[in-house]
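Trainee: Take this structure first; my questions come after.
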Amino acid sequence: MTTREQCAALDAADPLAHCRARFDLPAGTIYLDGNSLGAMPANVPARMKQALEQEWAHGLIRSWNDADWYPAPQRVGDRIAKLIGAGQGEVIVADSTSVNLFKVLVAATRMRPGRRAILAERTNFPTDVYVASSVAEMTGCELRCAEPDDVVAAIDENVAIVSLTHVNYKTGKRYDLQEVTRRAHEAGALVVWDLCHSAGAMPVDLNRCEADFAVGCGYKYLNGGPGAPAFVFVATRHLAAVRQPLTGWHGHARPFDFTHEYVPHAGIDRMLTGTAPQLGLIALESALDAFDGVDLDDVRAKSVALGDLFIALADRELMRLGCTLASPREASRRGSQVSLAHKEGYAIMQALIERNVIGDFRAPDILRFGFAPLYVRYVDIWDSIAALKDIIETDAWNTEAFRTRKSVT
Ligand SMILES: Cc1ncc(COP(=O)(O)O)c(C=O)c1O
């Protein structure tokens, strides 16, 4: 039977233990919400200070050239590419995940003109389904929504695009990216992967899996800060054929020629639209230093171990208290989070947060716990299960204050 001392021993032997010092985490807080907003890397404030006080205040507009602001979307994209198995020049940072989804879904649908269906998963993150629905309407396609286990069977010769999230935001259930891509290609469809819950949490290997398109956000496991810009991947073999719909000047072959006609850039820059959110990009770029020298296989191994430990302790302490497991038990089918269901989930999570154990809640009854392997420790898992057990056993959650819903859950 696992003990806290054994958890501490696992931390002492953890090859990623040194990475925790790369983050500015408040003392006494257990942070299990890096799947929603990553913790702040400790080097970011100094970089932001320089960006504000020197590059913006003193460099002024010259900084687009002198401080290398202008090529930041490509430069940061190339750094993210290394974390998701993409090549240099295949990833660019721009806009939000929702906007990038719109761009790639339209572009991909245009590449399969004879086909009239976009296939999505019904339980996908709402923005993915909302955007797919709008793209279907605009392009004259039908939006088909399948249950998670029926997606592959629903791919037929009329499906142009399969739009999926690699790791489900609510359950943490993970698709086999390579196998689903292969099955879609066999049927002649293209696949758009949302990597919001994968990038930075595990190796992804887009090119080994022959992925077509991917999008993802900068503010979860990449730790780029609230509202950090997102990224978009287009496989080199598709670039020439890609016509994305938001044809802004930054996607032009020669933006500073200011010509009347739109000529798309030959490379990944064609996925850009307008001026980059430079301060957000600078924060994201410096946050990526937290991955320096980190082996993503170590990240995945620790993520699996943290998840398995959480489930084992939850089985022992929480299941008899009305909790059920809402994530796959097998690590191979899980991302880097474990979700529990409890009918009083919202109030329980508020009580937990008051004890400085931070996870989050997703309606109607899901408590989410994300494990960012660069800074979450094994003892954190032990301590959060102990806090949860106490809160449920003693009904400490059962107050009006904890039951009152805030706008962000
Ligand atoms: C899977 C997934 N896609 C997209 C988003 C949100 O995208 P955006 O950054 O455009 O708000 C989230 C946010 O949590 C998400 O979990």
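Trainee: Can you find, within segment 111-129, the residue that is farthest from A146 (Cα to Cα) among those that are in contact with a strand residue (DSSP E or B) (Cβ under 7 Å, 6 or more places away or on another chain) and in a loop (DSSP other than H, G, I, E, B)?
Mentor: Only one residue tops the list, namely M111.
Trainee: Would you confirm whether or not segment 130-150 contains a residue that is closer than 24 Å to P229 by Cα, assigned to a helix (DSSP H, G or I), in contact (Cβ under 8 Å) with a residue 60 or more places away in the chain and outside the structural domain of S327 (by TED's automatic domain parsing)?
Mentor: Within segment 130-150, not a single residue is closer than 24 Å to P229 by Cα, assigned to a helix (DSSP H, G or I), in contact (Cβ under 8 Å) with a residue 60 or more places away in the chain and outside the structural domain of S327 (by TED's automatic domain parsing).
Trainee: What tally of residues in segment 1-24 results from selecting those that are crowded, with 16+ Cβ neighbours inside 10 Å and outside any helix (DSSP H, G or I)?
Mentor: 3
Trainee: Quick one: would you say G87 is surrounded by fewer than 17 Cβ atoms within 10 Å (Cβ to Cβ), touching a residue at least 40 places away in the same chain (Cβ under 8 Å) and either within 16 Å of the ligand (Cβ to nearest atom) or in the same structural domain as K220 (by TED's automatic domain parsing) (or both)?
Mentor: It is true that G87 is surrounded by fewer than 17 Cβ atoms within 10 Å (Cβ to Cβ), touching a residue at least 40 places away in the same chain (Cβ under 8 Å) and either within 16 Å of the ligand (Cβ to nearest atom) or in the same structural domain as K220 (by TED's automatic domain parsing) (or both).
Trainee: Give the number of residues within segment 154-179 that are over 19 Å from the mean Cα position of the chain (by Cα) and in a helix (DSSP H, G or I).
Mentor: 2
Trainee: Related question: From the set of residues in segment 367-405 that are of a type in the set (D, E, K, R) and more than 23 Å from the chain's Cα centre (by Cα), which is nearest to N168 (Cα to Cα)?
Mentor: So the residue we want is R405.
Trainee: Please specify each residue of segment 119-153 satisfying the condition of being under 23 Å from G172 (Cα atoms), within 16 Å of the ligand (Cβ to nearest atom) and either more than 21 Å from the chain's Cα centre (by Cα) or among the β-branched types (V, I, T) (or both).
Mentor: If the condition is that a residue be under 23 Å from G172 (Cα atoms), within 16 Å of the ligand (Cβ to nearest atom) and either more than 21 Å from the chain's Cα centre (by Cα) or among the β-branched types (V, I, T) (or both), then T123, T127, V129, V131, C145, V151 are the ones that fit.
Trainee: Ok, one more. Filter segment 151-169 for residues that are touching a residue at least 12 places away in the same chain (Cβ under 8 Å) and either aliphatic (A, V, I, L, M) or surrounded by fewer than 17 Cβ atoms within 10 Å (Cβ to Cβ) (or both) and give the result.
Mentor: Those that are touching a residue at least 12 places away in the same chain (Cβ under 8 Å) and either aliphatic (A, V, I, L, M) or surrounded by fewer than 17 Cβ atoms within 10 Å (Cβ to Cβ) (or both): V151, V152, A154, I155, D156, E157, V159, A160, I161, V162, L164, V167.
Trainee: Restricting to segment 90-110, count the residues that are in contact with a strand residue (DSSP E or B) (Cβ under 8 Å, 6 or more places away or on another chain), more than 16 Å from the ligand (Cβ to nearest atom) and basic (K, R).
Mentor: 0
Trainee: I'd like to check something: does segment 366-373 contain any residue that is in a helix (DSSP H, G or I), modelled with pLDDT of 95 or more and closer than 17 Å to T2 by Cβ?
Mentor: no
Trainee: If you go through segment 98-113 one residue at a time, do you hit one that is closer than 26 Å to V191 by Cα and touching a Gly at 6+ places or on another chain (Cβ under 7 Å)?
Mentor: no
Trainee: Among the residues of segment 161-194, count how many are of a type outside the set (S, T, Y), touching a Pro at 6+ places or on another chain (Cβ under 8 Å) and on the phi < 0 side of the Ramachandran plot.
Mentor: Qualifying residue count for the region: 3.
Trainee: May I ask you to verify whether A266 is surrounded by fewer than 20 Cβ atoms within 10 Å (Cβ to Cβ), of a type in the set (A, V, I, L, M) and over 28 Å from M48 (Cβ atoms)?
Mentor: yes
Trainee: Shifting gears a bit: Give the residue that is surrounded by the fewest Cβ atoms within 10 Å (Cβ to Cβ), with candidates limited to residues of segment 216-249 that are within 16 Å of the ligand (Cβ to nearest atom) and not in a loop (DSSP other than H, G, I, E, B).
Mentor: Per the stated criteria, the residue is A230.
The values are calculated or read from the model by the stated rules, or taken from the named source; none is laboratory data. These numbers come from a predicted model, not from an experiment. So basically every Cβ, Gly included, is an ideal-geometry build from the backbone, and we count neighbours across all protein chains shown.
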